[in-house]
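Only one structure is covered here, and it is reproduced in the block below.
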Amino acid sequence: MDLFFWQLARASGLAAYVALCIAVLTGLAPRTEALGFLATNRAVRALHDWTPWIVIPAAVTHVVALLLDATARISVVDLIIPFRTSYGQLAIGLGTISLDVVVIVLVTTWLRRRMSNGAWQSFHRLSYVGFVTMFLHAILSGTDLASPVIAAMSWAAAIAIGYYSLERVGKALPIAKARA
C-alpha cells in the first residue's frame with residue numbers, strides 16, 4: 001500500500017508544482033516588457049485566476065498521501081513547522097514553507113476586498129517565495145526530476161520565472177529611486 005501512496009504523492013506533488021508554475025508565470029509575464037501584450041488576454045488572466053484551484057487539491061493530495069505513507073514518516077506537525085523531520089530536513093522543510101506560504105497567498109487573495117491594495121500586493125508577492133521554496137523542495141527531494149523531460153520543463157519554468165522576476169525588479173528600482 002505504501003507504494004500506492006508514494007506514487008500518489010509524486011503525481012500530486014508534480015501536479016501542484018506545474019500548477020504553481022503556471023499561476024506564477026501567467027501572473028508575472030503579462031507585467032513584463034517582453035510579454036506585456038498578454039495583459040489584456042482574457043485566457044491568460046483566467047489561467048492565472050483558476051490554476052490555484054488545481055494547486056490546492058493537488059497539494060492536499062500530496063500531503064495526505066505522505067501522511068498515509070508509513071515510509072515517509074511525515075506527521076501533521078511537520079506540515080506546519082518546517083525542519084522537524086528525522087530525514088531530509090532541508091528538503092522537507094522547504095516543502096513545508098512552500099505549503100505555508102501558498103496557503104497564506106491564497107487566503108489573502110480570497111480576503112483581497114477586505115484589505116488595502118498595498119497589503120494584498122505584499123502578501124501576493126510571497127508567491128515568489130512559495131515558488132522558490134517549492135522549486136528547491138522539488139530539486140532536493142523530488143525523484144521525478146531524474147526524468148530529463150520533467151527536469152527540462154522544471155528548469156525552464158524556473159529560469160523564465162527568475163528572468164521575468166528580475167525584469168520586474170529592474171523596472172521597479174528606478175521608480176523607487178524617483179520616489180525617494
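State which residue pairs qualify: first residue without any contact (Cβ under 8 Å) to a residue 40 or more places away in the chain and more than 19 Å from residue 21 (Cβ to Cβ) and inside the stretch 92-108, second residue part of a helix (DSSP H, G or I) and of a type outside the set (Gly, Ala, Ser) in any location, beta carbons under 8 Å apart, and separation of 6 or more residues or different chains.
96/78; 96/79; 108/120; 108/123; 108/124
Which residue, of 11, 58, 39, is over 18 Å from residue 109 (Cα atoms) and touching a Gly at 6+ places or on another chain (Cβ under 9 Å)?
Details: 11 fails: touching a Gly at 6+ places or on another chain (Cβ under 9 Å); 39 fails: touching a Gly at 6+ places or on another chain (Cβ under 9 Å).
Going through 11, 58, 39 in turn, the sole match is 58.
Mind listing whichever residues of the stretch 49-90 are in contact with a helix residue (DSSP H, G or I) (Cβ under 7 Å, 6 or more places away or on another chain) and of a type in the set (Phe, Trp, Tyr)?
83
Look through the stretch 73-97, keep the residues that are open to solvent by less than 40 Å² (accessible area, probe 1.4 Å) and under 18 Å from residue 5 (Cα atoms), and return whichever of them is farthest from the chain's Cα centre (by Cα).
74
Can you list residue pairs whose Cβ atoms sit under 6 Å apart, with the first residue in the stretch 138-159 being small (Gly, Ala, Ser) and the second being open to solvent by less than 90 Å² (accessible area, probe 1.4 Å)? Count only pairs 6 or more apart in sequence or on different chains.
138/17; 141/88; 141/91; 151/145; 157/21; 158/135
Any chance you could count how many residues in the stretch 57-72 are under 18 Å from residue 131 (Cα atoms) and either among the charged types (D, E, K, R) or loosely packed, with under 15 Cβ neighbours inside 10 Å (or both)? Steps first, answer last, please.
The first filter runs over the stretch 57-72 and keeps only residues under 18 Å from residue 131 (Cα atoms), leaving 57-60, 62-63.
From the residues that got through so far, the ones that are either among the charged types (D, E, K, R) or loosely packed, with under 15 Cβ neighbours inside 10 Å (or both) too are 57, 60.
Of the residues in the stretch 57-72, 2 are under 18 Å from residue 131 (Cα atoms) and either among the charged types (D, E, K, R) or loosely packed, with under 15 Cβ neighbours inside 10 Å (or both).
Being β-branched (Val, Ile, Thr), open to solvent by 50 Å² or more (accessible area, probe 1.4 Å) and within 17 Å of the chain's Cα centre (by Cα) is the filter here; which residues of the stretch 110-144 pass it?
From the stretch 110-144, those β-branched (Val, Ile, Thr) are 129, 132-133, 139, 143; that's our starting set.
Still in the running and open to solvent by 50 Å² or more (accessible area, probe 1.4 Å): 129, 132, 139, 143.
Within the stretch 110-144, 129, 132, 139 meet the criteria.
Among 39, 23, 43, which is the only one that is under 26 Å from residue 171 (Cβ atoms), in contact with a Pro (Cβ under 7 Å, 6 or more places away or on another chain), part of a helix (DSSP H, G or I) and open to solvent by 50 Å² or more (accessible area, probe 1.4 Å)?
Values: 23 fails: open to solvent by 50 Å² or more (accessible area, probe 1.4 Å); 43 fails: in contact with a Pro (Cβ under 7 Å, 6 or more places away or on another chain).
The conditions single out 39.
The values are calculated or read from the model by the stated rules, or taken from the named source; none is laboratory data. All of these numbers come straight from a predicted model, not from anything done at the bench. Cβ atoms come from the backbone with ideal geometry, glycine included; neighbour counts cover every protein chain shown. Ligands, DNA and RNA are stripped out before the accessible areas are found, and what is left, the full protein with its side chains, is counted by its heavy atoms. Shrake-Rupley method; radii C 1.70, N 1.55, O 1.52, S 1.80 Å.
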